[in-house]
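Any read-out appearing in this document is the output of simple, stated calculations on the displayed coordinates, not a laboratory observation. Being a predicted model, the structure only gives us computed values, none of them experimental. In this analysis, Cβ positions are derived from the backbone assuming ideal geometry, glycine residues included, and neighbour counts consider all displayed protein chains.
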């Protein structure tokens, strides 16, 4: 069974929409934030903990699982769901982003990318066909085309060449895809160039994917440029297919993405900053390492229903973080994931009420605080 | 309220006994294994996870909490129970063992021990009175006298001098103790010298503590010597008070201790080895890093009811450990703690049935396997 995106409400004041994404492993409402389980585990957390955060789908990484433990081992375990004991929907990226960000040096050819493993330096090759073959074996519900994610900024000439290659790679990957239970997304690139984003979107949509990702954002550009990258692509994406903004997890960026018509987001941000003591709050990010929290016996956020805020104080979590105890990062991860999921719940509600733009104004105003 | 140890069954073939230890924070059956939460957290785990393992009491460390976050901060949080969100019984050690094992160099005087912090090298001083004062502020249900834990082996002369000083320290600590809700244990030392263990036990018991610890074991001596150390002390300890063998968590040692009349055990072993991939099984310790587990899709132990064995395979946990994911150590910690708690449950049952010595034989025979 392929996924189906059932649109529910459209905001009359912007391009935001709500929907239900039906997958072989259950349905969930959109817009939705997806926690990242790079190595078949959302760092420090169990599937039950994710469920309690309201999390409905997790992302895992083809590149990492290919290197360790290897896609054949995951397949032998019964696929990624069984391997990691997660029964909800899973999305895997293609490995493209990791090849371009983690593996150095690399040699980009028409047939694929030659590079060195970031673990042991061994020579590796990833192609559109190989990325799909690995993902077919991993068995996620939603998989990604193999794309090039050029650095920002890149020249117009390089980006043009790159998106043409990525479109050719998309054609090859789609042809190679042979698991009818898995839905395949195409990826729109093009950097900050309006006509290239348009061209990439139009050509990718022609190939009729099950959904469309916007890639190459959050790679060093400023916020206004990031939002423009979304604006340049969205008009050319079909209404009835889900739209996934890759690698974006800042609360403000999620709101701006939703306003522009994005349905899905993923980012390591909530779990990565948690391990360094940083927590999302409505008043902005706070860092529990700060000495002001040493004797603060209130939760990270009053009125937060997450396990962490219901049971632990900032002072205790600060102690855990400063003492190097992993429970600290685990507790903040739970809160941070809940924070982003709850944000998408509020955004869905505001879309239904036609109050999204007002909500954004209020949220941004309050979020200006924080100490991190 | 002080603790009360209600004896239930005595084994007719050895000195083993079962009982119920009543504490201000609830009652639990003995013999019991206590997981160690050195820094006010049993590494990686929540109180709920400990409870699900059948854990009934946790140990925390005066030395560590004194240095970080400081006993005044814990007191301000409402005491250790509130600070770490754990509502069951808590035991704190005196800091003595840590001063002698972690802090170098140290200068042992009659008034106390001068040493350097293992965190920042600052000059510190811990005395019998100070150790009690810190523990009064931390607010555990059971606290320990400040003792010297000499290295093994020590000379007879040094050990004699040391236990006399430890007895004088016990008198001073008992006098300083001013929280009637907290029960105070004396500690029997004396190394492997029969007459010194006897002398230490007799003099400590004269002081009428709420319970008695056997210290200075598991510090490098061989197994037979360890068991003798217990044998030398036990005859002089009162029947109606709980007996606590400090720092012992090897399954065989727990059985041998119970046979000799010990009621309580603590050790970092189950959580420490877990973080290195090592798991207890009835067939001996196994290390999940071993490549044989790469494609093993069975739980650590069949028929184990712990969360880990009910949900995860050895192959997946191996992946987590080798990939450096902390969920791996967390899952094995849950299993290892459950393993030791379950062992004490079985020992209690066997004592009631008068089958303890037979059980020991069978357990030891099966436990000879393993690969770690």
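The value for chain A of Rg(Cα) / (2.2 N^0.38 Å) is 0.96. In region A:134-222, Rg over Rh equals 0.99, where Rg is the alpha-carbon radius of gyration and Rh the Kirkwood radius from pairwise Cα distances. When the Cα convex hull of region B:23-114 is projected onto planes of every orientation, the mean area is 7.2 nm².
Beta bridges from DSSP with both residues in chain A: antiparallel share about 45 percent, rounded to the nearest 5.
Shielding value for B:70-79 is 3, the average number of Cβ atoms from other chains within 10 Å of each residue's Cβ. On a per residue basis, the convex hull of the C-alpha atoms belonging to region B:270-364 measures out at 87 Å³.
The peptide list B:70-80, A:263-273, put in order of mean Cβ contacts within 10 Å with the highest first, becomes A:263-273, B:70-80. Summarised as an ellipsoid, region B:103-154 has semi-axes of 20, 15, 11 Å, derived from the eigenvalues of the Cα gyration tensor scaled by 5 and square-rooted, with the largest first.
Using a Gaussian network for chain A with springs between C-alpha atoms less than 10 Å apart, which of these wobbles most: A:103, A:323, A:274? Highest fluctuation of the listed residues: A:323. Fraction of C-alpha pairs exceeding 24 angstrom in region B:207-362: 41 percent, rounded to a whole number. When the P(r) is computed for region A:233-319, the part past 14 Å accounts for 70% of the Cα-Cα pairs. Note on residue B:231 and residue B:2: their simple-model spin labels are 3.2 nm apart, each label 7 Å out from Cα toward Cβ. Between this copy and the others, label points of residue A:82 are 5.0 nm apart in ascending order, each placed 7 angstrom from Cα in the Cβ direction. Across region A:206-246, the fraction of Cα-Cα pairs farther apart than 15 Å, rounded to a whole number, is 41%. Its relative contact order, with pairs defined as Cα atoms under 8 Å and 6+ residues apart, puts chain A at 18 percent.
Within the listed set B:338, B:17, B:172, the Gaussian network model of chain B (springs between alpha-carbon atoms below 10 Å) gives the highest mean-square fluctuation for B:172.
With a 10 Å cut-off around each Cβ of A:325-331, the average count of Cβ atoms from other chains is 6.
In region A:66-190, the convex hull through the Cα atoms has an average projected area of 7.7 nm², a quarter of its surface area. Taking chain A as a Gaussian network of alpha-carbon nodes connected by springs under 10 Å, the highest mean-square fluctuation of the residues A:123, A:60, A:145 belongs to A:123. Averaged over residues, the count of other Cβ atoms within 10 Å places the peptides A:92-99, B:287-294 in the sequence A:92-99, B:287-294, highest first.
Remark: region A:320-372 is approximated by an ellipsoid whose semi-axes, taken from the C-alpha gyration tensor as √(5λ), come to 30, 14, 4 Å, largest first. Neighbour counting of Cβ atoms within 10 Å sorts the residues B:168, A:330, fewest neighbours leading, into B:168, A:330.
Quick one: compute a quarter of the convex hull surface over the Cα atoms of the protein assembly as shown and quote it in nm². Computing the convex hull of the Cα atoms and averaging its projections yields 32.9 nm². The mean sequence separation of alpha-carbon pairs under 8 Å and at least six residues apart, normalised by the residue count of region B:231-372, gives a relative contact order of 27 percent. For the peptide B:36-47, the mean number of other protein chain Cβ atoms found within 10 angstrom of a residue's Cβ is 4. With each label modelled as a point 7 angstrom along the Cα→C-beta vector, the residue B:361-residue B:171 pair spans 4.9 nm. By DSSP, the beta bridges lying fully in the protein assembly as shown are antiparallel in about 45 percent of cases.
With N as its number of residues, region A:217-277 has a Cα radius of gyration that, divided by 2.2 N^0.38 Å, comes to 1.17.
Only helices enter this figure: runs of n ≥ 4 DSSP H residues, each worth -39500 (n - 2.57), summed and divided by the residues of the protein assembly as shown, yield -12500 deg cm²/dmol at 222 nm to the nearest 500. Think of the axis that spins chain B onto A; the B residue whose C-beta lies nearest it, and the distance in whole Å, is B:326, 3.
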